[in-house]
Structure formats: structure tokens, C-alpha cells
């Protein structure tokens, strides 16, 4: 089993192993009795079978005994479910937006990241949504999994009790798309949960929403290219991916799916970020989610300045 990173992971594991070993014991008992009776009451020459009819005591026993087991399992499971369902009042809210094919995590101060970063030993509430199809947030070491469903919000909470880094998966197949040698899809949604000391978490929040001291707009845009998941679909070296490459992109003439031509400049880039389905480059599909409400105006400006530097 993965390590137990949340406060309720041990309780989930205890219930799992109880059900597992109970199933093993009952399976062995039932199969043992089955083979024993097959052998004992096998057909033998000169022995005539005598029907025994009903056995009320036996029939009541195999109805009542499982009932007690089910009551124990229900009580144990419901108690654990309540612990997972009732969010502590002081929990830090993080909004999780799933899309094909990545994650966007939004923090209380408006900062965003493609990796989930949380302070150690603090309750965290995740408010989960999807921009396109059903995804499922799955963090094995926390013992949590929750669907991200288009058109609605789902939620869960956890508290990570150790400073470490662990994997975050999508546990719901959500499609895939390949262009040339580049393939993106469900398998591309692997990201990280990083549990940080409180001071490092606060520093991350401060660094995420504004340019760093001495950082030019283009340098900030390069950092946003990494943290906002642009790199998932747009290469910098000319190779094909789910979206057009950004190499030599500025002032480039692009042919759209409808046959029109556009020049890559400020207004086109801004529209493509906020309304990505409006003008799609020929040969590519409508896979990009909108960044409306995710990217601020100054962040879009920084990305534009970064794009201007790409040769």
C-alpha cells in the first residue's frame, strides 16, 4: 500500500484490510465446505440419497450471521465517510479545474499553478470542476478520489501530515489526441502534490501572482508558460503537439479551419486565450480550454511579451 499521508488514511486502510481478510476467510470457509460436501456426499454404488427437506435453524443462521457483519461494516464505513465528508471550518480552499489534458489549481489569493502545493498539517478543501469532460482527481497517498464533472462542483478535504512530494492522477479516461510524434491525452494529466513548510507555502503564494523583483514581462511570461500549463500543448522548438508551436510565432500568418487567414498579434493571442474556440488553426482540434477568469490581464500581457521573443 502507498504511504499514509493524510490523517484519515490509516482508518481507510484499516477498513480496507478488514474487508479484504474477511473476504479471504469467508471464501476459504465456503470453498472448503463446498469441496468437503462434494466429497462426502458423492455418488457411490449401493447408497441411495435421502432428501432432508428444510433446516430452519441452518437457514436462519446463514441469514442472521451476515446481517451482523453488514451492520459492523455499515457503521465502520459510515463513520469513516463522515470524517471525509465533514470539512473542518478552518480549511484552506483551493479550486481545482480539470481540462483536456491538465490541471489548474487556484489559491485563495488568486495564484494559479499546474501542481497542487499545500502547507503541511493544514486542512485543505478542494472545490473541483471540469471545463470539458469527466475527469477524476486521484491522490493514492491521501486515499482520496473525486470526479470532476462538467457543469457542477464536487468537493473533498485532506490534511497532509508530512513534507514530501507525491503523484496526482486522473482516474477517469478522458480521451487523447496525437499530432505527428506528439501525443496528449488522459495519460498526460499526471502532476504533483507538493506538501510544503508553512513559510515556503506563503512564499509560493507571494511569488505566483506578481512578477519577481527585477523580472521583465517576457521573463514573467516564460514562467507563466511553465506554470499555466501552456507547455502541455505548445512547443518552443517547432515540434508538433496538441496546439501550434510557439517557435517563430509572432507576426506569423496562420490559416484557420474555416479557410481564413490571421496574423498572430496582440488581439489574436488575447482572443485565443480567452475564447480559444473562436479561431482555430487549421489541422488542430478544439481542445484548448478557456483561461477566462484564470489569467489576469497583466499575465496575458506577459505571455504576449514572451511570445515576441521566441525565434
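Read-outs: derived from the displayed coordinates by stated rules, not from any lab. In this text the structure is predicted, and so the values were computed from the model without any measurement. We place every Cβ from the backbone using ideal geometry, glycine too, and count neighbours over all the protein chains shown.
In this rough spin-label picture, where each label sits 7 Å from Cα along the Cβ direction, the residue 48-residue 296 distance is 9.5 nm. Computed over segment 140-203, the P(r) tail beyond 13 angstrom holds 74 percent of alpha carbon pairs. Fully extending the segment from residue 171 to residue 277, taken as 0.36 nm per residue of separation minus the present Cα-Cα distance, adds 35.5 nm. Here the spin labels are modelled as points 7 Å beyond Cα on the Cα-Cβ line, and at residue 200 and residue 69 they lie 4.6 nm apart. With contacts taken as Cα pairs under 8 Å and at least 6 residues apart, the chain reaches a relative contact order of 15 percent. Give me the percent of DSSP beta bridges within the chain that run antiparallel, rounded to the nearest 5. That works out to approximately 75 percent antiparallel.
If you wrap segment 92-208 in the convex hull of its Cα atoms and look at it from every side, the mean projected area works out to 7.3 nm². Note on residue 212 and residue 80: with the Förster distance fixed at 30 Å, the Cβ-Cβ geometry gives a FRET efficiency of about 0.10.
Taking 0.36 nm per residue of separation and subtracting the Cα-Cα distance, what length does fully extending residue 134 through residue 25 add?
Numbers: separation 109, 0.36 × 109 = 39.24 nm, distance 3.76 nm.
The residue 134-residue 25 span can extend by a further 35.5 nm.
Return the percentage of antiparallel bridges among DSSP beta bridges fully within segment 1-128, rounded to the nearest 5 %.
Taking every DSSP beta bridge with both residues in segment 1-128, the antiparallel ones total about 60 percent.
The Cα-based radius of gyration of segment 12-150, divided by its Kirkwood radius, gives an Rg/Rh of 1.26. Within segment 270-298, what residues put their amide N at less than 20 Å from the label point 7 Å along the Cα-to-Cβ vector of residue 256? Zone members listed by number: 270-292. For segment 217-309, the Cα-based Rg and Dmax, in that order, read 12.2, 34 Å. Mind checking the angle between helix 56-85 and the chain's longest principal axis? C-alpha axes, 0 to 90 degrees, to the nearest 10. Approximately 20 degrees, to the nearest ten.
Please give the residues of segment 74-91, grouped as numeric ranges, whose backbone N is less than 19 Å from a label point set 7 Å along the Cα-to-Cβ vector of residue 13. Hits in segment 74-91 for residue 13 at 19 Å: 77, 80-81, 83-84.
Can you tell me the FRET efficiency between residue 163 and residue 39 if r is taken as the Cβ-Cβ distance and R0 is 45 Å, rounded to the nearest 0.05? It comes to 0.15. In segment 92-208, Cα pairs under 8 Å separated by at least six residues give a relative contact order of 29 percent. Counted over the chain with a bin width of 20 Å, the fraction of Cα pairs per bin, in whole percents, is 26, 42, 19, 10, 2. In the chain, the longest principal axis of the Cα atoms and the axis of helix 198-209 are about 40 degrees apart. Model label sites at residue 270 and residue 90, defined 7 Å from Cα along the beta-carbon direction, differ in position by 4.4 nm.
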